[in-house]
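One structure below.
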């Protein structure tokens, strides 16, 4: 077997392995390998696809990171309408629906299937010959928006499925944002001065309807498939339950909490059980969907207006409560942000007593007009800190106090606002919504920084949680993240800590030692540089040799990287200008925590080393196809003109910004005809 065939076979094998592990992790919640081993598989596949770009296919697992921004959403006609559900708000209303159903079917009993009604966004996915070809929103039920590129970034959406699948079929599912991810997203938006999302559903809808799929890819979206829309070319099971099991066998993620029953009493018991346990769910659910199991009987029942007669949504009571806001206090975050939060008169929400709630930032408090002493509505979703939805203005008595953060933290002795933890100076950068403590050695910042450093998906040091990190800091074992790598010298002292026996200490030290082998991207993320998240860390790790290379880069060099804007470039240069951060880097280097960029050999192809940018509309094929042609011949295709750009391909109605930039840099411009001629010439070489 020649080398090309060997590479092709290896790529195929890697895709199968990665898809298998994606399914185990994202669908079954039962991973078989560690994150590091998974990362290694993806890295190996990426490297081969870079060396042999003609083997790169759209359904590759490496292509989930987001495609180029689409210029506008297209419209998808749904072959079969996506109907909305009628609602039942009481046991009596549910019983009435069931009675009507039996009367229309002239029967005494029907099997029923219950599913959680997840608060997300309904979508339809169409597969042809086992490949995902179209993904669309529900829209008006008959026509939806084409969001295929965005849905491809969701890891639990299969890009391809088993060969046992029908030749053409549609599945319908609910895209949602897990509650924990929703709160992280709102905290990030609040820090950046952006409007916060009202609930996970709005956040999910806003995420999948981004014009730039890269934004969608950065958000931790998930999906559960709730039905088979239609299938062509192969017989499928004739009950809804069996169809869900069939879809699960093809690789689709189906909610494990679905259940099948023979009586309406069992449905009511299921509903009550989840009212009592809904706070344990990782997603927001606002009810239970009850469906007739038999597809034949579903067809008999049909629909009325936009609602199917064979299904109904049995809605949960709202998980909200009212209480008095006693005080607005302040905590200090990992990057020094001063975060207001509400101290409440204790109130039970969903069976849990709530004493504190999130408030995001001062602008958000003022925008909602929340005052100390107000009666407020508190909302809780999932096992996270609840939030104050807003004040109940009608209950005000005139003694409520408007909130002013600077007054709260003003230090009379120092004559200025001061950090409530360490007393350092507080600033609010121009254009930002948050105030910051400028002291990077602030104990609160250091502890949050350690929690980020050791987290799963970052340096992944198991055994160090909030409690232990606080103890290590307070007892003087460590002063920053780099000190974690000197803990092996304090083994005996560690064993004297509460709940830290010999085995626990040895496991902790072993985990710290293993973390030395994490990738450069993970280490960059672990440093906690403002505005540098996981995707940006990956981008920087692909551009720079190591931390020294990143540290020594100028703002100009950073801004030449596609995806790096002025705010990120400034944040990176400021981070490496601080002596405290440089000391941490040196300690990491001494400890052997100094990963390098994984080297890749340049492909021996005719366009190797050449970079293309395309502007305007091409007649021969779409921009995406043109970019794939360039990559297939060894070149790279970027979205913005930089000093590294060799050619700007100019189509109809080109963008003025790219033309101006190319003119200023002296970049060679090609007409579409010249571009096609160049591709043909290189193809023949």
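The values are calculated or read from the model by the stated rules, or taken from the named source; none is laboratory data. Predicted, not measured: the structure shown is a model, and the values here were computed from it. Virtual Cβ from ideal backbone geometry, glycine too; neighbours counted across all protein chains shown.
For every residue, the table says whether it meets (1) more than 17 Å from residue 53 (Cβ to Cβ); (2) loosely packed, with under 14 Cβ neighbours inside 10 Å.
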{"site": "616", "(1), (2)": "yes, no"}
{"site": "636", "(1), (2)": "no, no"}
{"site": "644", "(1), (2)": "yes, no"}
{"site": "652", "(1), (2)": "yes, yes"}
{"site": "656", "(1), (2)": "yes, yes"}
{"site": "666", "(1), (2)": "yes, yes"}
{"site": "671", "(1), (2)": "yes, yes"}
* To do: Run residue 97 past the list (1) farther than 30 Å from residue 265 by Cβ; (2) at pLDDT 85 or above; (3) surrounded by 15 or more Cβ atoms within 10 Å (Cβ to Cβ) and report the number of the one that doesn't hold.
  => (1)
* To do: Please tell me if residue 191 is surrounded by 17 or more Cβ atoms within 10 Å (Cβ to Cβ) and closer than 26 Å to residue 291 by Cα.
  => no
* Asked: Is there a residue being within 18 Å of the chain's Cα centre (by Cα) and under 30 Å from residue 187 (Cα atoms) anywhere in the range 249-258?
  -> yes
* Asked: When you go through 273, 334, 366 one by one, which is the residue that is farther than 30 Å from residue 574 by Cα, out of contact with any strand residue (DSSP E or B) (no Cβ under 9 Å at 6 or more places or on another chain) and either surrounded by 14 or more Cβ atoms within 10 Å (Cβ to Cβ) or not assigned by TED's automatic domain parsing to the domain that holds residue 236 (or both)?
  -> 366
* Structure fact -> Picking from 591, 569, 541, the residue that is at pLDDT 90 or above and under 25 Å from the mean Cα position of the chain (by Cα) would be 569
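Say we look at the range 471-497 and pick out the residues that are assigned to a loop (DSSP other than H, G, I, E, B) and without any contact (Cβ under 8 Å) to a residue 12 or more places away in the chain; which of these is nearest to residue 526 (Cα to Cα)? It would help to see each step written out before you state the result.
First, the residues of the range 471-497 that are assigned to a loop (DSSP other than H, G, I, E, B): 475-480, 495-497.
Filter once more, so that each one left must be without any contact (Cβ under 8 Å) to a residue 12 or more places away in the chain: 476, 495-496.
Values: 476: 21, 495: 27, 496: 29 Å.
Checked the range 471-497; the qualifying residue nearest to residue 526 (Cα to Cα) is 476.
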* To do: Filter the helices (runs of 4 or more DSSP H) completely within the range 362-470 down to those with at least 2 residues that are within 26 Å of the chain's Cα centre (by Cα).
  => 362-368, 443-453
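Of the residues 313, 357, 342, which single one is touching a residue at least 40 places away in the same chain (Cβ under 8 Å), in contact with a strand residue (DSSP E or B) (Cβ under 9 Å, 6 or more places away or on another chain), within 30 Å of residue 447 (Cα to Cα) and part of a strand (DSSP E or B)? Break it down stepwise before answering.
On the way: 313 fails: within 30 Å of residue 447 (Cα to Cα); 357 fails: touching a residue at least 40 places away in the same chain (Cβ under 8 Å).
The conditions single out 342.
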* Asked: What number goes with the only condition from (1) touching a residue at least 60 places away in the same chain (Cβ under 8 Å); (2) surrounded by 15 or more Cβ atoms within 10 Å (Cβ to Cβ) that residue 424 does not pass?
  -> (1)
* Structure fact -> Per the filter on the range 346-357, residues farther than 20 Å from residue 420 by Cα and surrounded by 13 or more Cβ atoms within 10 Å (Cβ to Cβ) are 347, 349, 350, 354, 355
